[in-house]
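Right, one structure below, let's go through it.
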Amino acid sequence: MGRLDGKIALIVGGGADGPPNAGEQLSIGNGRATAIMCAREGAAVMVADLNLALAEETAAAIRAAGGIAHAIACDVSREEDCRRAVEETVARFGAIHLMVNNVGIAIGGALLRTATDQFDRMYTVNLRGQFLTMRYAVPEMIKAGGGAIVNVSSLSAVMAGAGIAYEATKAALLGLSRSAAVRYARDHVRVNTILPGLINSSMVRREIGDREARVAPRIPLGRQGTPWEIATAIVFLLSDDASYITGTELIVDGGLRAGEGVRRRDADR
Ligand SMILES: NC(=O)c1ccc[n+]([C@@H]2O[C@H](COP(=O)([O-])OP(=O)(O)OC[C@H]3O[C@@H](n4cnc5c(N)ncnc54)[C@H](O)[C@@H]3O)[C@@H](O)[C@H]2O)c1
């Protein structure tokens with residue numbers, strides 16, 4: 001018996017846009033790992049992505065393993081696409097109970113290295129898109145008797161260093177989640193946020209390459225996380241195991257944030 005048996009899930013940003021790990025066929029990112037794990041736990045999964053081919057790849061992997069999945073093109077910067085992703089999920093599977101907002105891009109840099117149009121793009125993709133998918137999904141979840149949403153933020157929501165627009169949008173996502181969580185708790189819709197630390201995901205391999213040797217010494221657990229470790233945490237928050245958890249933030253970072261003070265003390269010695 002799976003923890004998400006009978007549930008219908010929409011994973012927004014469920015492709016994996018980047019090269020696979022050496023020796024692996026399928027590239028795995030946080031979104032794809034989450035979609036696959038939701039299906040393994042018994043959910044029927046709608047995989048939405050800007051790049052339909054990447055969404056199809058995820059859906060095909062799920063079906064090849066005996067799960068239920070369908071793919072849809074969706075650019076979260078377009079309101080019409082957000083509405084359609086929710087509507088198509090309901091039309092195809094009969095309802096929507098679970099949603100993961102995994103889309104997140106990183107453009108620009110520090111304040112003086114971020115152009116206004118880059119900031120606008122970051123806001124549109126990393127925050128407005130999540131507002132829109134929730135705006136369309138929550139009424140459907142209420143109709144279905146309840147649901148759960150996980151928004152994928154970042155440790156950059158609470159720590160500087162990744163660029164002003166990324167940090168600002170990821171921090172704002174905490175507020176977006178909290179606000180919806182409190183307002184719709186009585187409707188049995190739970191909303192939580194996950195804050196991944198340094199993860200060896202498709203996004204990182206595309207943008208940065210292999211950073212393991214460089215970053216591992218900074219991380220108390222001594223290595224980057226895997227997308228599967230993010231997916232596990234997301235599935236927990238989606239499942240009834242988290243029935244009393246809403247409006248909160250779960251850091252999954254191998255101790256990176258907790259270890260910051262330790263590193264400073266070491267430097268003082
Ligand atoms: N890897 C890390 O170290 C790390 C750390 C903290 C947070 N995160 C967060 O994890 C998420 C990404 O993880 P991933 O590994 O799945 O990355 P990914 O880039 O491989 O996958 C995200 C998917 O989103 C899609 N996408 C991009 N723009 C879109 C748009 N406008 N509309 C719809 N889909 C769009 C891409 O095509 C891609 O398939 C982001 O929210 C990111 O901020 C990652």
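Tabulated data
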| read-out | value |
| --- | --- |
| Scan of the stretch 214-229 for residues that are within 13 Å of the ligand (Cβ to nearest atom) and assigned to a loop (DSSP other than H, G, I, E, B), ordered by number | 219, 223, 224, 226 |
| Unique residue being out of contact with any His (no Cβ under 7 Å at 6 or more places or on another chain), without any contact (Cβ under 8 Å) to a residue 40 or more places away in the chain and small (Gly, Ala, Ser) when the list is 179, 153 | 179 |
| Test result for residue 162, open to solvent by less than 60 Å² (accessible area, probe 1.4 Å), farther than 18 Å from residue 12 by Cα, without any contact (Cβ under 8 Å) to a residue 24 or more places away in the chain and not acidic (Asp, Glu) | no |
| Residue count, the stretch 27-48 (criterion: within 7 Å of the ligand (Cβ to nearest atom) and open to solvent by 20 Å² or more (accessible area, probe 1.4 Å)) | 1 |
| Residues being open to solvent by 40 Å² or more (accessible area, probe 1.4 Å) and under 17 Å from the mean Cα position of the chain (by Cα) - total across the stretch 177-197 | 1 |
| Single residue of the stretch 198-213 satisfying the filter (free of Cβ contacts under 8 Å to residues at least 60 places away in the same chain and open to solvent by less than 30 Å² (accessible area, probe 1.4 Å)) that is nearest to residue 252 (Cα to Cα) | 211 |
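The values are calculated or read from the model by the stated rules, or taken from the named source; none is laboratory data. Owing to the predicted nature of the structure, the values given are computational and were not obtained by experimental measurement. Quick reminder, even Gly has a Cβ in these numbers, built from the backbone with ideal geometry, and neighbours come from all protein chains shown. In case anyone asks, the SASA skips ligands and DNA or RNA and just uses the protein heavy atoms, side chains included. Shrake-Rupley method; radii C 1.70, N 1.55, O 1.52, S 1.80 Å.
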